[in-house]
Amino acid sequence: MRGEALFSVLQLSDSGFPTGRYTLSHGLEAFAYEGLLETPCAPDALAELLRDCIRFGVGRSDGVALACAHRAVDAEGGIDAERVVRIDRRLSAVKLAREGREASTRTGRALLAAAPAVAGVRMSGYVDLVDRGEAPGNHAVVVGLLSALLEVPRYEAVAGELFAYSTGWVAAAVRLGLTDHLTAQSVLRRVHPVLAEAARRAVVGEVDDIAGCTPLPDLMSMRHEQAELRLFAS
């Protein structure tokens, strides 16, 4: 991958991209408040939890959905609307916690709104589907479509999204006081092999493969919905 496609991946995975992903802890805040993680938390424990979230959660759900959406764009930039709606709905269906579903669509719609200005790309047909409520507008699906239109290779698009999830996760750990900045970067480095493997598996996945099995993180997300005090939106 060279030139503008590389910069597109870097831009889309940047925490400063205006979609509000910095407000998400992916259930980590509830882990901390429920006392399931010590403060400060051992790096091994943080790395293991993040590995599981990638391997059994975001890699199999958002990663596969992104790859499928990427394939739904043809060489001329046309989008297979029927296929994208199926991908989008399937991804929402496997997000068991309400907060996770709402965060995914909120950031996805923010990305749709920002795409013309920051990437010079319009997806009018898909935007219409989202506006009519026929497609949820999940973030991973929008990233998949946008990456394909920007000629970002599928593997790199998935890898960028999984890395963005991971950087947001460790940043939340720092803000929650679970670890410090240096240890957070060490944790992030430890999960690189899992990120690479999850991306490799995701790029060959089909719509029916969009899934996820993270019972405890899902439960923590559900408990987070009822918390009286919250730093994060999820």
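The values are calculated or read from the model by the stated rules, or taken from the named source; none is laboratory data. Bear in mind that the values here come from a model prediction, so they are computed numbers and not experimental data. Because the Cβ atoms are built from the backbone with ideal geometry, glycine has one as well, and the counts that use them run over all protein chains shown.
Miscellaneous remarks
- Members of the stretch 94-116 found to be under 23 Å from residue 7 (Cα atoms), surrounded by fewer than 22 Cβ atoms within 10 Å (Cβ to Cβ), at pLDDT 90 or above and of a type outside the set (A, V, I, L, M, F, W, C), listed by number: 109
- Members of the stretch 117-147 that are modelled with pLDDT under 95 and touching a Phe, Trp or Tyr at 6+ places or on another chain (Cβ under 9 Å): 118
- Every test in (1) free of Cβ contacts under 8 Å to residues at least 40 places away in the same chain; (2) crowded, with 16+ Cβ neighbours inside 10 Å; (3) not β-branched (Val, Ile, Thr) is passed by residue 119 save one, and that test is (1).
- Residue list for the stretch 23-56, filter: crowded, with 17+ Cβ neighbours inside 10 Å and not in a helix (DSSP H, G or I): 24, 25, 26, 27, 37, 41
- Here the condition is being of a type in the set (A, V, I, L, M, F, W, C) and at pLDDT 95 or above; of 227, 157, 233, it holds for 157 alone.
Condition check ((1) under 21 Å from residue 79 (Cβ atoms); (2) out of contact with any Ser or Thr (no Cβ under 6 Å at 6 or more places or on another chain); (3) of a type in the set (Lys, Arg); (4) buried (at least 23 other Cβ atoms within 10 Å of the Cβ)) across all residues:
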| residue | (1), (2), (3), (4) |
| --- | --- |
| 150 | yes, no, no, no |
| 156 | yes, yes, no, no |
| 174 | no, yes, no, no |
| 208 | yes, yes, no, no |
| 223 | no, yes, yes, no |
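- The conditions of being in contact with a strand residue (DSSP E or B) (Cβ under 7 Å, 6 or more places away or on another chain) and surrounded by fewer than 23 Cβ atoms within 10 Å (Cβ to Cβ) are not met by residue 133.
- Criterion (under 14 Å from residue 172 (Cβ atoms) and touching a residue at least 60 places away in the same chain (Cβ under 8 Å)) met by exactly one of 36, 28: 28
- Residue within the stretch 10-22 that is of a type in the set (Val, Ile, Thr) and either part of a helix (DSSP H, G or I) or more than 13 Å from the chain's Cα centre (by Cα) (or both) present: no
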